[in-house]
Amino acid sequence: MVTFDSLIAREDKIVVVGLGYVGLPLAVHLSKHFEVVGYDFNSGRIKELKSGHDRTLEVSEKEILETEINFSSNPEDISLCSLIIVAVPTPIDEYRIPDLKPLRMASAMVGKYMVKDSCIVFESTVYPGATEEVCVPILELESGLKIEADFTVGYSPERINPGDKEHTIENVVKIVSGSDSDTSDLLYKVYGKIVKAGIHLASSIKVAEAAKVIENTQRDINIALVNELSMIFQKIGIDTLEVLEAAGTKWNFLPFRPGLVGGHCIGVDPYYLTFKAESLGYHPEMILAGRRINDSMGKYVSERVVKMLIKAGKKVCGAKIAILGITFKEDVPDMRNTKVVDVIDELRDYGIEVFVHDPLADAEEANKYYGVELKSMDRLAGVDAVILAVSHKLYKELGFSGIAGLCQNKIPIVIDLKAVFSYSEAEKMNVRYWRL
């Protein structure tokens, strides 16, 4: 089997399959110590990377151009590598059921080209048991090899936080697990070369899979709680942020904030766990209750906007509203599972004309996947209300007066979903203002 010594001596190679938000930074870090192939089926992506451009903005042009990674869209290059790390997306489908097609396709391709004595490691978020129950049989079928006798597998869940320059790969503890002790030891040493925060060795692959999926499930439930509190405080007539700041003076109060829960992790991972639970005859309640609350926030926000229009004496049908930001979080171009789209769709159902701006989002992708045509900032002037949906740096620099100034009426309406501004600012400027 492949060994750490053969990898560090560059006698054997590592291939990272999938060069997105997870795979590219991982490949770059590994290439500082090992011989690395970066594979992606998208030849356009490979062409971009060879030119030094990373559309995810996770890796700088300088880092890419200085790396010694062999970027490739030729799957045959996988056969040149003994340690294969799979980092492909694991989304949900329109029925909120885990969509394992990318993982199955990657496993089939790896199985077709992998060589004897290889180790295959998966980083994609899955439900406990998926690596051994789904991926391994595909690897065996396509390769004609047998687990343990001819190859081993491991699981080391990614902990990438898009746009976060503090909690990077080397600064976050890495979980590793293997199908046997030798594989666990191999991965402990390989990842240990790039992760300075330390390695946590899980006793089994299922434990590592479960640890990953509950990380974001826990966050999802906590955000659902403050989202529900926000709706309650709205009825009481008090400001949610003021309440949270007051409660936050206690040493063990958790600092969660209300908001739209999108992205490739928090709004997705819980469904992997509930899917597995229900397949075993257990019907989870708390997890799904949290999901229902968070999935309903787009509708709740839209209803609040409509009520504000009515109270301001503005006609709802035909009203014009500007939405600032469509990515799932600030200062990243990632639009995967963005819940801003829920707000857009709900407002359109009321007959409202929606104008969307985002300085980072890809206009072609926004139109292709969500049917949203991104507008330039000058096209937003003269609207009836503005929704600050994503707190991009550009919008913070624009300031409250600049955002409110997009409205055409004497009393502007500003909806601040990220609580960037305050009621006192709005009162001074005679702006109708609301935040979650």
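With charges only on Cβ, +1 for K and R and -1 for D and E, what is the dipole size of the chain about its Cα centre, in debye, rounded to 20?
Roughly 1680 debye for the chain.
Assuming R0 = 60 Å, what is the FRET efficiency of E427 and A108, from their Cβ-Cβ distance, to the nearest 0.05? Walk me through the intermediate numbers first.
Working: r = 60 Å, r/R0 = 1.01.
With a Förster radius of 60 Å, E is 0.50.
Please give the FRET efficiency for D182 paired with S401, using the beta carbon to beta carbon distance and R0 = 45 Å, rounded to the nearest 0.05. Intermediate values should be presented prior to the final figure.
Working: r = 63 Å, r/R0 = 1.40.
Calculated transfer efficiency: 0.10.
Pick out which of K112, K329, K101 has the largest mean-square fluctuation in a Gaussian network model of the chain, springs linking Cα atoms closer than 10 Å.
K101
Would you calculate the volume per residue, in Å³, of the smallest convex hull containing every Cα atom of segment 100-181?
Numbers: hull volume 9.2 nm³, N = 82.
Residue-normalised Cα hull volume stands at 112 Å³.
Return a whole-number percent for the relative contact order of segment 296-436, with Cα pairs under 8 Å and 6 or more residues apart as the contact set.
On the way: 250 pairs, mean separation 31.9, N = 141.
Relative contact order for segment 296-436 comes out at 23 percent.
Using only the Cα atoms of segment 296-436, what do you get for the radius of gyration and for Dmax, in Å?
When restricted to Cα atoms, segment 296-436 yields Rg and Dmax of 13.7, 41 Å.
Quick one: which residues, 5+ away or cross-chain, put their amide H under 5 Å from the amide H of I175? H built at 1.01 Å from N.
H200
Relative to the present Cα-Cα distance, how much length would full extension add between E11 and E63 at 0.36 nm per residue of separation?
Values: separation 52, 0.36 × 52 = 18.72 nm, distance 2.42 nm.
So the chain would gain 16.3 nm between E11 and E63.
Above 23 Å lies some portion of the pair distances; for segment 4-203, what is it as a whole percent of all C-alpha pairs? Kindly include the intermediate steps, with their values, before the conclusion.
Working: 7927 of 19900 pairs.
Of all Cα-Cα distances in segment 4-203, 40 percent exceed 23 Å.
For the charge dipole of the chain, defined by +1 on Lys and Arg C-beta atoms and -1 on Asp and Glu C-beta atoms about the Cα centroid, which residue among T131, F253, A363 has the Cα displaced farthest towards the positive pole?
Going by the charge dipole, the pick is F253.
Can you list the residues, at least 5 places off or on another chain, whose amide H is less than 5 Å from the amide H of R435, using H built in the peptide plane?
D416
Using just the Cα positions, wrap the chain in a convex hull and report its mean projected area in square nanometres, one decimal place.
Values: hull surface 88.2 nm².
Mean projected area for the chain: 22.0 nm², to one decimal.
How much length would be gained if the chain were fully extended between A149 and Y95, taking 0.36 nm per residue of separation minus their Cα-Cα distance, in nm to one decimal?
Result: 15.6 nm gained on full extension.
Give the aspartates and glutamates reachable from K62 as a straight Cα distance under 16 Å; neighbours fewer than 8 places away on the same chain don't count.
Answer for K62, where 16 Å is the Cα cut-off: E48, D54, listed by chain and number.
In terms of Cα to Cα distance under 19 Å, which aspartates and glutamates are near enough to K13, apart from those fewer than 8 places away along the same chain?
Counting by Cα, and skipping residues close in sequence, K13 has these aspartates and glutamates nearby: D5, E35, D40, E66, E68, E76, D77, D117, E123, D150, D182, D185.
Quick check: pseudo-label points 7 Å beyond the Cα along Cα→Cβ at K368 and N409, how many nm apart are they?
Those two pseudo-labels are separated by 3.9 nm.
Would you mind telling me which residue in Y395, Y370, Y95 has the biggest mean-square fluctuation in a Gaussian network model of the chain, where springs connect alpha carbons within a distance under 10 angstrom?
With Cα springs under 10 Å in the chain, the top fluctuation among Y395, Y370, Y95 is at Y95.
Is segment 342-388 rounded, prolate or oblate when judged by the Cα gyration tensor, a ≥ b ≥ c being the square roots of its eigenvalues, rounded requiring a/c under 1.5 and prolate requiring a/b larger than b/c?
Details: a/c = 2.11, a/b = 1.14, b/c = 1.85.
Judged from the Cα gyration tensor, segment 342-388 comes out oblate (a/c at least 1.5, b/c at or above a/b).
With 10 angstrom as the radius, rank R96, R291 by how many other C-beta atoms surround their C-beta, starting from the fewest.
Numbers: R96 16, R291 21.
Result, fewest neighbours first: R96, R291.
Would you mind checking the tilt of helix 205-236 against the longest principal axis of the Cα atoms of the chain, expressed as 0 to 90 degrees and rounded to 10?
That works out to roughly 0 degrees.
What are the ³J(HN,Hα) couplings of segment 112-129, residue after residue, when phi is run through the Karplus curve with 6.51, -1.76, 1.60 and θ = phi - 60°? Round to Hz, x for glycine and proline.
5, 10, 5, 10, 4, 6, 7, 10, 10, 10, 10, 10, 5, 5, 9, 7, x, x
Find how many whole Å separate the alpha carbon centroid of segment 238-306 from the alpha carbon centroid of segment 54-85.
36 Å
Picking from A149, V36, A385, whose Cα lies most toward the positive end of the charge dipole for the chain (charges on Cβ: Lys, Arg +1; Asp, Glu -1)?
Working it through, the farthest residue towards the positive pole turns out to be A385.
Compute the FRET efficiency between Y282 and A381 as 1/(1 + (r/R0)^6), taking r as their Cβ-Cβ distance and R0 = 51 Å, and round to the nearest 0.05. Kindly include the intermediate steps, with their values, before the conclusion.
On the way: r = 54 Å, r/R0 = 1.05.
My answer for the efficiency is 0.40.
Summing Lys, Arg as +1 and Asp, Glu as -1, what charge do residues with Cβ under 13 Å from the Cβ of E11 carry, E11 excluded? Don't skip to the end; give the middle numbers.
On the way: positive: R10, K13; negative: D5, D12, E35, D117.
Overall, the nearby charge balance is -2.
How about K320: which lysines have a C-alpha closer than 19 Å to its C-alpha, ignoring those fewer than 8 places off in the same chain?
K299, K307, K311, K375, K410
How would Y300, Y423 line up from fewest to most surrounding beta-carbon atoms within 10 angstrom? List each step's numbers first, then the result.
Details: Y300 19, Y423 15.
By the 10 Å Cβ count, ascending: Y423, Y300.
With charges only on Cβ, +1 for K and R and -1 for D and E, what is the dipole size of segment 204-295 about its Cα centre, in debye, rounded to 20? Kindly include the intermediate steps, with their values, before the conclusion.
Values: 9 positive and 11 negative charges, 29 e Å.
Dipole of segment 204-295, to the nearest 20 debye: 140 debye.
Only bridges whose two residues both fall in the chain count here: according to DSSP, what percent of them are antiparallel, nearest 5?
Numbers: 3 of 45 bridges.
So the antiparallel bridges amount to about 5 percent of the total.
May I ask for the net charge around I175, where only other residues with Cβ less than 9 Å from the Cβ of I175 are counted and Lys, Arg are +1 while Asp, Glu are -1? Walk me through the numbers before you get to the answer.
Details: positive: R159, K174, K212; negative: none.
Here the count lands on +3.
Hey, which of these cross-link pairs are over 19 Å Cα-Cα: K314/K418; K101/K146; K329/K396; K112/K146? Present the calculation step by step, with values, prior to reporting the outcome.
Working: K314/K418 24 Å; K101/K146 22 Å; K329/K396 14 Å; K112/K146 13 Å.
With Cα atoms farther than 19 Å apart: K314/K418; K101/K146.
A short reminder: the numbers here are calculations on the coordinates, not readings from a lab. What you are looking at is a predicted structure, and each value in this text was computed from that prediction instead of being measured. No Cβ is skipped: glycine too gets one built from the backbone with ideal geometry, and neighbour counts run over all protein chains shown.
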